[in-house]
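Every number in this text was worked out from the coordinates using simple rules, so none of it is lab data. Only a predicted model underlies this, so the values are computations on that prediction, with no experimental measurement involved. Note that we place each Cβ from the backbone using ideal geometry, even for glycine, and neighbour counts take in every protein chain shown.
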Amino acid sequence: MDNLKSLIREVPDFPKPGINFYDITTLLKDPEGLEQAIDAMVEQCRGLNIDTVIGIESRGFIFAVPIAYQIGAGFVPVRKPKKLPADTVSVSYELEYGQDTLEMHRDAVGEGHRVLIVDDLLATGGTAKAVVDLVEGMGGIVVGLHFAVELDFLGGRSKFEGKDVRSLIRYQS
């Protein structure tokens, strides 16, 4: 996946000094890179018997929809509050700088549904952990969490003991 890594733009001091931002828009605009990334993520989840692929707002949608389509699963968006039109369930969680909330339609995941959670980036893991809690609170079974990029040095993977966590591109520091 080194060729995919070379397509990601690193932006120093964004959004604030001392932060190195890994911008995937440069990967997304490259036709071969985008195809390779999605194909690789699809291959990682073949045979997992997934009912539903959940994409986390908003960049997670970019990867989750084609994965769902390719493996014959449904797609469910998890969004910021007040973006979904029907009855929702929500989860609030702590961030480094405060608190946030995510919502999903109440009827999106049923008891025993096998769910794959997809996002563009695994950093500290707080957002993805909140989605795991939301899915499991609705009776769903999280069969995996798949990310395009993982920042190993932030330790997000440690929040998912016993879960199948996969990422295409990993940064050590």
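Cα centroid separation, the range 23-100 to the range 139-173: 13 Å. Of the trypsin sites (Lys or Arg not before Pro) found in the range 2-34, the ones in coil according to DSSP and having at most 16 other Cβ atoms within 10 Å of their Cβ are Lys29. Short-range pairs are left out: with C-alpha atoms under 8 Å and at least six residues apart, the relative contact order of the chain is 18 percent.
Here r is the Cβ-Cβ distance between Glu111 and Met1 and R0 is 35 Å; the resulting FRET efficiency, rounded to 0.05, is 0.45. If the segment from Leu48 to Lys29 were pulled out straight at 0.36 nm per residue, it would be longer than the present Cα-Cα gap by 3.9 nm. Placing +1 on the Cβ of every Lys and Arg and -1 on the Cβ of every Asp and Glu, with nothing else charged, gives the range 60-173 a dipole about its Cα centre of roughly 200 debye. Applying both filters, DSSP loop and at most 13 other Cβ atoms within 10 Å, to the trypsin sites (Lys or Arg not before Pro) of the range 68-141 gives Lys82, Lys83, Arg106.
In sequence order, the range 13-26 has phi-based couplings of 6, 10, x, 8, x, x, 9, 9, 8, 9, 8, 7, 4, 6 Hz under the Karplus curve 6.51 cos²θ - 1.76 cosθ + 1.60, θ = phi - 60°, and Gly or Pro positions carry x.
Straight-line cross-link partners of Lys159 among the lysines, defined as a Cα under 23 Å from its Cα and at least 8 positions apart when in the same chain: Lys80, Lys129. Based on DSSP loop calls and a cut-off of at most 11 other Cβ atoms within 10 Å, the longest stretch of the chain free of exposed GluC sites (Glu not before Pro) is what? By the stated rule (loop sites, at most 11 other Cβ atoms within 10 Å), 1-95. Only helices reaching 20 angstrom along their own axis (Cα) with mean Kyte-Doolittle hydropathy no lower than -1.0 count here, and for the DSSP H runs of the chain these are 31-45.
Between rounded, prolate and oblate, where does the chain land on the alpha carbon gyration tensor, with a ≥ b ≥ c its root eigenvalues, rounded for a/c under 1.5, else prolate if a/b exceeds b/c?
Details: a/c = 1.70, a/b = 1.25, b/c = 1.36.
Because a/c hits 1.5 or more and a/b fails to exceed b/c, the chain counts as oblate.
Modelled this way, with points 7 Å down the Cα-to-C-beta line, the labels at Asp87 and Arg9 are 4.5 nm from one another.
A Förster radius of 30 Å combined with the Cβ-Cβ distance from Lys163 to Glu96 puts the calculated FRET efficiency at roughly 0.85.
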